[in-house]
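Everything on this sheet refers to the single structure shown next.
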């Protein structure tokens, strides 16, 4: 688990997302036509957390998809993300820890996603994922 602890606090990914009309259409289609995203030209607030590269976090910790049990996500939105915006999205591994549940360890991964436009924060997302069996101990 020492290998995983060394990653805590590190930036896992940084990318720029340009909010185009085509991007809004793909989001609306993925959400099965939820509301009128394209007409309003605004990404829904609950969608902002998914802009982060959570799978890259899990990959760096060697967590397989079937180990991921549950997520809790909180999002703070300072400004709407609209058509034409260029958002810098930064994904950070904020913390990892383990707790015992009966005789089985459970791991917890805390991921922060920051969205900025012109260096000003537009949203922050914190996601906590529960990991079945805790973290890999690795061999010698």
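Read-outs: derived from the displayed coordinates by stated rules, not from any lab. Every value quoted in this text rests on a predicted model; they were computed, and no experiment measured them. Here the Cβ is made from the backbone with ideal geometry for all residues, glycine too, and neighbour counts use every protein chain on show.
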Practice task
Quickly run through the stretch 57-81 and pick out the residues that are touching a helix residue (DSSP H, G or I) at 6+ places or on another chain (Cβ under 9 Å) and surrounded by 15 or more Cβ atoms within 10 Å (Cβ to Cβ).
Solution key: 58, 60, 61, 63, 67, 68, 73, 75, 77, 80, 81
Handout entry: Within the stretch 127-140, tally of residues that are at negative phi and crowded, with 17+ Cβ neighbours inside 10 Å
Key = 4
Exercise for the section: Only residues that are under 19 Å from residue 93 (Cα atoms) and exposed (fewer than 12 other Cβ atoms within 10 Å of the Cβ): list them for the stretch 12-56, please. Expected result: 16
Exercise for the section: Check the stretch 116-128 and report whether any residue there is within 24 Å of residue 25 (Cβ to Cβ) and touching a helix residue (DSSP H, G or I) at 6+ places or on another chain (Cβ under 8 Å). Expected result: yes
